[in-house]
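The values are calculated or read from the model by the stated rules, or taken from the named source; none is laboratory data. In this text the structure is predicted, and so the values were computed from the model without any measurement. Cβ: placed from backbone, ideal geometry, glycine included. Neighbour counts: every protein chain shown.
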């Protein structure tokens, strides 16, 4: 028993380092998407640009009026967030051509974080993160002639993390290599036979990807995507109607164990996540109006009983949120009122 304990103690730093390494991989991969939560937290940039919203003020009143919490967000004429002010922290943003996020500074009582980004032909080429005046990490991205990312690089604490992508003549991704200090740590091969059978072997260092399609007489169709991730085979099944609208998406482990599913029926979208054993973990239900505006977000982490959290939105005639009511385990937690100014 003691031998096992000592073995765990000795190996734990290796496990922790491996987990930290993959966190850097996902951090690098997320640069491609360049998504900022606070930019879309209240309304979409598309709606803000259309309505020429200048600012949004919120005032949250908690149950029995014991406390309240206010925020203020401002936007430019392109609908991009330029500042976010709360009681505990604030954030200011600058843009290149009013659309590309070039400088972000987030300030709290004890910390100041700056993010500086540069672009080439509208594509992110470098980014540096500065914490309390000291550079914490720097990123760089390279592209091919078709603007596909060929390399992303992170420099942090005397280490360099890289993701290198290779493409075929049709500009499809065929290989990804993850390196630390120029040494390969993981490799993914994206090849398959015409019938959708994977080419790669089931090893932890090698993964594979392929997709195939089945069409129905009525014009609807189903796509199947097979992947090997860390040696485990997954099958993703997506069902589209005749208008090419995604209706259902499901992911299976070993072709049989359902681990994730998404469905959209009319204006209700449902996400359900399961453990690798197939046991239910949580569900999220989003209800939209006819224009695609969110009316309700509900998060459920148990099969029975009230949802763990529920946010109900009352909308103005132009699609913006007028009032938000937040529930926790079926009980009212707070209400949030919204005020807008326009250009």
Exercise for the section: Grab the strands (runs of 3 or more DSSP E) fully contained in segment 10-106, keeping just those with 1 or more residues being modelled with pLDDT of 70 or more and over 23 Å from residue 313 (Cβ atoms). Expected result: 81-85, 89-96
Problem - Number of positions in segment 72-89 that are loosely packed, with under 15 Cβ neighbours inside 10 Å and within 17 Å of residue 50 (Cα to Cα) - result: 2
Exercise for the section: Would you please name the residue that is nearest to residue 171 (Cα to Cα), looking only at residues in segment 182-196 that are at pLDDT 80 or above and in contact with a strand residue (DSSP E or B) (Cβ under 8 Å, 6 or more places away or on another chain)? Expected result: 187
Problem - Members of segment 294-308 that are crowded, with 17+ Cβ neighbours inside 10 Å and part of a loop (DSSP other than H, G, I, E, B) - result: 307
Exercise for the section: Look through segment 262-275, keep the residues that are in a loop (DSSP other than H, G, I, E, B) and on the phi < 0 side of the Ramachandran plot, and return whichever of them is surrounded by the fewest Cβ atoms within 10 Å (Cβ to Cβ). Expected result: 275
Practice task
Report, by residue number, each residue of segment 310-323 that is under 25 Å from the mean Cα position of the chain (by Cα) and in contact (Cβ under 8 Å) with a residue 24 or more places away in the chain.
Solution key: 319, 320, 321
Practice task
Within segment 231-238, identify whether any single residue is part of a loop (DSSP other than H, G, I, E, B), over 20 Å from residue 258 (Cα atoms) and modelled with pLDDT under 90, and answer yes or no.
Solution key: no
Exercise for the section: For segment 240-261, enumerate the residues that are assigned to a strand (DSSP E or B) and surrounded by fewer than 17 Cβ atoms within 10 Å (Cβ to Cβ). Expected result: 246, 247, 248, 250, 257, 258, 260
Completion exercise
Over segment 90-122, the set of residues touching a strand residue (DSSP E or B) at 6+ places or on another chain (Cβ under 6 Å) and exposed (fewer than 13 other Cβ atoms within 10 Å of the Cβ) is 108
Completion exercise
Within segment 276-287, restricting to residues that are over 20 Å from the mean Cα position of the chain (by Cα) and either surrounded by 12 or more Cβ atoms within 10 Å (Cβ to Cβ) or at pLDDT 90 or above (or both), the one that is farthest from residue 43 (Cα to Cα) is 278
